[in-house]
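Q: This is the structure, below, for whatever I ask next.
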Amino acid sequence: MADESGRQCEVCGASLPEGASSCPACGASALAPSEKGDASGARSGADPPAPASSPTSAAELTRRLATLQLWNDGSAALGVTLPSLPSWAEELARETPGQDGWIEVVRGVERLAQKRVVTALEEWDRKTKTRLSRLEAYSVDGRLERDQMDDLLHSARTGDIAQALATYQQVDRVVTLKERHLDQAREELERLVSLMRDMEALGMAPPEPPSQVANELERELRGGRLAPLKQRLRSLRTQAVNRLKDQLPAYVTQYGEFLLRERGDGLPVQLEATELGRAAREFARGRAEESLRRLRLLAQVHGTPSARSRRANAPGVGPTGASRTA
């Protein structure tokens, strides 16, 4: 007997119960065409399900963000700040399902960061080659550093920024260390020669003639023989200081007596006496170079007993320096 609703399946002709949405016999849809449209419209109006975040995408995003931070830390010594995602964007990227879009954003930031690193390394390369040329003028070998600089620029241009920055730090550290050794040797050489010249100017006998020592030490320095040079510098300075221990007290005593005579003649010599005392004190503290520098300046400004005696005994000059004939 037909169902009271009088509805039949359009596929198999079986009677359909009231309110049925499918045929109990064949399973075909029992909805009217208008009802099918309403159901389809309801489904199309709903929000599509959000794409799930795959573990692979999440891991890649985390890796790329960490790489950007590593690049930023490594490039700080270059004096550049690389572009990066703001903290709020990083947090949003990590929490948003479906991270492929954010990965593309980070790739774009990586490309900008790479360009900035390459530009900074090229500028550093030009300056460092000038520094190496100066070292090589003193026979300091820089071939290895030049090869490493070419390699790191190639790495940076091909995208291996982490390796390029690591090599940059190593090369820059080595070049700086070589420069420091050279500068220290140059400074010690100049201090020693100045000390010996001051000794000679004050009438004290240096271990060797200052001009001869300066030429010999300069050849050692230019030849890149820093180790034997430093050994010779220490030896010569020890000899000079030992001679000063014998000669300086007598000089200070003589100059002090000279100032006493001038004070007895009514000349103001308080400042000169103070400076003489400071020079003696500096030598006692182990600062031979500073002591002689003060003594030589004092002799240049105030004069020495021998210079005063020569002027006083000059023909036609009185005790005060005035012409007797005048």
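Values quoted throughout were computed directly from the atomic coordinates according to the rules given, and no laboratory measurement underlies them. Here the structure is a predicted model, which means the values were calculated and not measured. Heads up, the Cβs are rebuilt from the backbone with ideal geometry, glycines too, and the neighbour counts pull from every protein chain shown.
Q: For a footprinting-style exposure proxy, rank SER87, SER235 by other Cβ within 10 Å, fewest first. Display every interim value, and only then the final one.
A: Values: SER87 8, SER235 11.
Ordered by Cβ neighbours within 10 Å, fewest first: SER87, SER235.
Q: Can you give me the C-alpha center-to-center distance between the range 153-176 and the range 229-263, rounded to a whole angstrom?
A: Cα centroid of the range 153-176 versus Cα centroid of the range 229-263: 52 Å apart.
Q: What list do you get for VAL171, VAL301, VAL193, VAL252 if you sort them by fewest beta carbons within 10 Å?
A: VAL301, VAL252, VAL193, VAL171
Q: Something else: For a quick check: with amide H placed at 1.01 Å from N, whose amide H comes under 5 Å from GLN8's, ignoring anything fewer than 5 positions away on the same chain?
A: Placed amide hydrogens put LEU16 under 5 Å from GLN8.
Q: Can you give the FRET efficiency to the nearest 0.05 for ARG261 and ARG173, using r as the Cβ-Cβ distance and R₀ = 56 Å?
A: Here the calculated transfer efficiency is 0.40.
Q: Once phi is turned into θ = phi - 60°, what whole-Hz ³J(HN,Hα) does the Karplus curve with 6.51, -1.76 and 1.60 give for every residue of the range 247-263, x standing for Gly and Pro?
A: 9, 5, x, 5, 5, 5, 4, 4, 5, x, 5, 4, 5, 5, 5, 5, 5
Q: Another question, then. With θ taken as phi - 60° and the coefficients 6.51, -1.76 and 1.60, list the Karplus ³J(HN,Hα) couplings across the range 69-79 in order, rounded to whole Hz; mark glycine and proline as x.
A: For the range 69-79, the Karplus-derived couplings read 5, 4, 4, 4, 5, x, 8, 4, 5, 6, x Hz, x marking Gly and Pro.
Q: Taking the Cβ-Cβ separation of ARG287 and ARG219 as r and a Förster radius of 45 Å, what is the calculated FRET efficiency to the nearest 0.05? Intermediate results must be reported in sequence, preceding the final value.
A: Numbers: r = 29 Å, r/R0 = 0.63.
FRET efficiency, ARG287 to ARG219: 0.95.
Q: In whole Hz and in residue order, list the ³J(HN,Hα) couplings for the range 132-147 that follow from phi through the Karplus curve 6.51 cos²θ - 1.76 cosθ + 1.60, θ = phi - 60°; x for Gly and Pro.
A: Each residue of the range 132-147 in turn: 5, 4, 5, 4, 5, 5, 9, 6, 8, 5, x, 5, 4, 5, 5, 5 Hz.
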